[in-house]
Every structure is written in C-alpha cells, then in structure tokens.
Amino acid sequence: SQTIHQWPATLVQPVGSPLSLECTVEGTSNPNLYWYRQAAGRGLQLLFYSVGIGQISSEVPQNLSASRPQDRQFILSSKKLLLSDSGFYLCAWSGLVSSYNSPLHFGNGTRLTVT
Amino acid sequence: QQPVQSPQAVILREGEDAVINCSSSKALYSVHWYRQKHGEAPVFLMILLKGGEQKGHEKISASFNEKKQQSSLYLTASQLSYSGTYFCGTVSGAGSYQLTFGKGTKLSVIP
C-alpha cells in the first residue's frame, strides 16, 4: 500500500532563517506531488505541484520554492523565512494524470511557527 | 477562484442530520470532499464527477449539480466521529492539477 511521510512534524524557526521540509511517498511510481499551506482557521492553499522529476509549478508568488530531485521526493524550501510563513504545511500525492478524478492523499503535516 | 462553503460552522446532537453546501462561480469538472480532524491531515471522503451524480459513503452522501456549479454533502444520523472540518475542493478543467479548496465548514457533534 502507498504511504506518505512528511517531516518534521513541528518546527520553530526565527525570522530570516532557512527552511527545508521533506516529503516522500512509498508504494507508487510517478505520483503527482503537492505542497499545501493552511493558516490557522483557514482553508488549504495550493503552493506548488509537480508532475515529474524537476517539474515544478508555482501557484502563489512568495519566498518559498519547491524541488523534486527524485520521483517520490518533494522538498519545500525557503532562504529566509517571514512571520507570514507560519502555518500548517501539508504534502500530498495523487496517482492519476489529473486532479479531476484522482483523490489527494495527505501526509501528517508540519506545523511551522516563525518567531 | 475559491469555492464558497456554507454554513461556516454547525453544531449537531448525535443522530441529527446536516447539509454542507459548496458553490463556485466557475464551471466545474469535479468536486472533492475531505474531512479534517483538529491537528490532523485532511482525509478524502469522495469525488463527484461532472454528470450530476450522487455518491454515498456510509451515512455520508453528496450530490453535484454542474449546471448550478454546486455540491452538497449530506450527513445523516450524525455520530460523534463525524466532528471535524469539512472541505470541498473543486476542479475546473479535465486536465487540471489544481484542486481549489473552500474555507471549510466546522461540524461539531455533541452527545
């Protein structure tokens, strides 16, 4: 069966520090990978998605970036964190070509607090 | 564009029914429904595809009216385990990778 791992679970970082969040998927090949952010009490905002190695699409202009160095690995990074980057970051995967008919499977999330 | 969910919050007693609505200003190809418990990741409930279908999952079912660009989630005979925040996600193109979520509806079931 497929599993998705995301770490760390919680993170407290000072403003201006770098960020690296990692996500890996097991049990499937060529997944579509996604990074979502959820601010406190808010909905889910799509940040990046990837349909293959090295292919990244950005949905929201910000100081975050994403990379996909391997088929089942997705990394979210920042060179300098802002207070507004605080939130609950969720990695997700789907198994088909389009989101049209393919459910998203979420990791357990990383709760990031920027101080 | 973000779909609009209503109500924003609802409190039910065990055994009562609820309806959560999701509407969009854009034409929709599909609607997803997810439930998120506090502090946890969202969990997939169901997808409704263009064609006006209705689907069921135990005592939770949903409908999709593509002409009205609306979907509704029906929870019958609610249980304590139904508590959480329900999100609809919409897809506006058959080849789209963008699942746009509403702000969520917080459902609280009390004894």
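We did not get these values from a lab; they are worked out from the coordinates using the rules stated. Computed from a predicted model, the values in this text were never measured in an experiment. Glycine also receives a Cβ, built like all others from the backbone with ideal geometry; neighbour counts cover every protein chain displayed.
For chain A, what size does the Cα cloud have along each of its three principal axes, sorted from largest down, in whole Å?
Here the Cα extents, ordered largest to smallest, are 38, 28, 24 Å.
Determine the shielding of peptide A:32-43 by partner chains: average, over its residues, the number of Cβ atoms on other chains within 10 angstrom of each Cβ. Mind showing how you got there, number by number?
Working: counts 1, 0, 3, 0, 4, 0, 7, 0, 0, 4, 3, 12.
Neighbouring Cβ atoms belonging to other protein chains average 3 per residue here.
Quick one: 3J(HN,Hα) in Hz for the stretch B:76-84, Karplus 6.51/-1.76/1.60 with θ = phi - 60°, rounded, Gly and Pro as x.
Along the stretch B:76-84, the couplings run 10, 6, 4, 10, 4, 5, 7, 4, x Hz.
Of the listed peptides B:98-110, B:11-23, A:79-91, A:4-16, what is their order by residue-averaged count of other C-beta atoms within 10 Å, with the highest listed first? Working shown, then result.
Values: B:98-110: 19.8, B:11-23: 15.6, A:79-91: 17.7, A:4-16: 13.7.
Those peptides, ordered most packed to least, come out B:98-110, A:79-91, B:11-23, A:4-16.
Within 10 Å of each Cβ of B:102-108, how many other protein chain Cβ atoms are there on average? Spell out each step's value before the answer.
On the way: counts 2, 4, 5, 0, 1, 0, 0.
For this peptide, the per-residue mean of nearby foreign Cβ atoms is 2.
Report the relative contact order of chain B, percent, no decimals, based on alpha-carbon pairs under 8 angstrom and at least 6 residues apart. Write out the running numbers ahead of the final one.
On the way: 288 pairs, mean separation 41.2, N = 111.
Relative contact order comes out at 37 percent.
Below 8 Å between Cα atoms, with a sequence gap of 6+, how large is the relative contact order for chain A in percent?
Reported relative contact order: 36 percent.
Need one value for B:36-48: mean number of C-beta atoms belonging to other chains within 10 Å of its residues' C-beta atoms. Don't skip to the answer; put the middle values down first.
Details: counts 6, 0, 0, 4, 4, 14, 9, 4, 7, 1, 1, 6, 1.
Partner-chain Cβ atoms within 10 Å, mean over residues of B:36-48: 4.
First obtain the Kirkwood hydrodynamic radius of the stretch B:67-111 from its Cα pairs, then insert it into the Stokes-Einstein equation at 20 °C and 1.002 mPa s, and state the resulting D in µm² per second as a whole number. Before the final figure, lay out the partial values.
Values: Rh = 12.7 Å.
Rounded, D is 169 µm²/s.
Could you give me D for the protein assembly as shown, from Stokes-Einstein at 4 °C and 1.567 mPa s, where the hydrodynamic radius is the Kirkwood radius over C-alpha pairs? Units µm² s⁻¹, please.
72
Size of the stretch B:1-93 along its principal axes in angstrom, Cα-based, largest extent first?
Principal extents (Cα only, largest first): 36, 25, 20 Å.
What share of the DSSP beta bridges in chain A is antiparallel, in percent to the nearest 5? Display every interim value, and only then the final one.
Values: 37 of 41 bridges.
In chain A, approximately 90 percent of DSSP beta bridges are antiparallel ones.
Which entries of A:Lys80/B:Lys37; B:Lys37/B:Lys59; A:Lys79/B:Lys26; B:Lys26/B:Lys106; B:Lys26/B:Lys103; B:Lys68/B:Lys103 show an alpha-carbon separation above 26 angstrom in the structure shown? Write out the running numbers ahead of the final one.
Values: A:Lys80/B:Lys37 31 Å; B:Lys37/B:Lys59 18 Å; A:Lys79/B:Lys26 36 Å; B:Lys26/B:Lys106 24 Å; B:Lys26/B:Lys103 17 Å; B:Lys68/B:Lys103 20 Å.
Long pairs (Cα-Cα over 26 Å): A:Lys80/B:Lys37; A:Lys79/B:Lys26.
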